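Please treat every number below as a calculation from the coordinates, not as lab data. All values reported here derive from a predicted model rather than from experimental measurement. Quick reminder, even Gly has a Cβ in these numbers, built from the backbone with ideal geometry, and neighbours come from all protein chains shown.
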């Protein structure tokens, strides 16, 4: 399965798709990028006077690239991949730098384990200068089994 | 390792993943991990991984499917240890 095919299996759409491009993926991890476009609704209220990307959206971006794109790759070969069900089970993040409107970020995810349908990853997000903006450990359940 | 020792070792693992409102005294052999101890499926995976490390065994998907109660877990551990 190639990088473009993985994006087609992503179960998200605007305004909650936070992957523009997958830069690389293999059994050990995934890397992708996204631009937090300035017209996103959240910037009108976070914050009232100065727009900053909410940490939950940085986390979501890390999860979509780091857990879900990687998970789709790891589940390649499963016949019900288009019926995949996913859920985030835990997140532990640290936020180091603000991400402003129109900033492009790169997420690098490394698999800690994928066993019994649970994928746990170390994720890191970098800004255009290559400086780390957030990092953490995310885990989620992924299943293609229709009766679960 | 006696059955009691295995049970105590398993309880030490389970207690890490119990929700805040479930006390370790609520754990019995017949306790169902998900419906009675309120452990979610993601935490159950972590219990299994800790069990693998603690007992130096490896569990498969079928074992996970069978592991509904504490007793199921003890039986699986005993079987795997005996097969080593």
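Quick check on region A:106-132: of everything there that is touching a helix residue (DSSP H, G or I) at 6+ places or on another chain (Cβ under 7 Å) and over 23 Å from residue B:44 (Cα atoms), which residue is nearest to the other protein chains (Cβ to nearest Cβ)? Step by step, filter region A:106-132, then rank; the result is A:109. Restricting attention to region A:125-148, the residues that are in contact (Cβ under 8 Å) with a residue 60 or more places away in the chain and either in a strand (DSSP E or B) or surrounded by 15 or more Cβ atoms within 10 Å (Cβ to Cβ) (or both) total 9.
Evaluation of residue A:95 against the conditions (1) under 20 Å from residue A:24 (Cα atoms); (2) without any contact (Cβ under 8 Å) to a residue 60 or more places away in the chain; (3) away from every other protein chain (no Cβ under 14 Å) shows that the sole unmet condition is (1). Do you know which residues across region B:19-30 are assigned to a loop (DSSP other than H, G, I, E, B) and surrounded by fewer than 18 Cβ atoms within 10 Å (Cβ to Cβ)? Result: B:19, B:20, B:21, B:22, B:23, B:28, B:29, B:30.
Taking region B:50-66, which residues are in a helix (DSSP H, G or I) and more than 20 Å from residue B:31 (Cβ to Cβ)? Reasoning before the result, please.
First pass over region B:50-66, keeping only residues in a helix (DSSP H, G or I): B:50-55, B:61-66.
Within region B:50-66, B:52, B:53, B:61, B:62 meet the criteria.
Exactly one residue out of B:47, B:34, B:39 is surrounded by 13 or more Cβ atoms within 10 Å (Cβ to Cβ) and over 22 Å from residue A:121 (Cα atoms), and it is B:34.
Given B:62, B:5, which one is closer than 19 Å to residue B:78 by Cβ, away from chain A (no Cβ under 14 Å) and loosely packed, with under 12 Cβ neighbours inside 10 Å?
Working: B:62 fails: away from chain A (no Cβ under 14 Å).
The unique qualifying residue is B:5.
Within region B:2-29, residues that are more than 15 Å from residue B:69 (Cα to Cα) have Cβ atoms under 7 Å from residues that are not in a helix (DSSP H, G or I) in these pairs: B:19/B:38; B:22/B:37; B:22/B:38, counting only partners at least 6 apart in sequence or on another chain.
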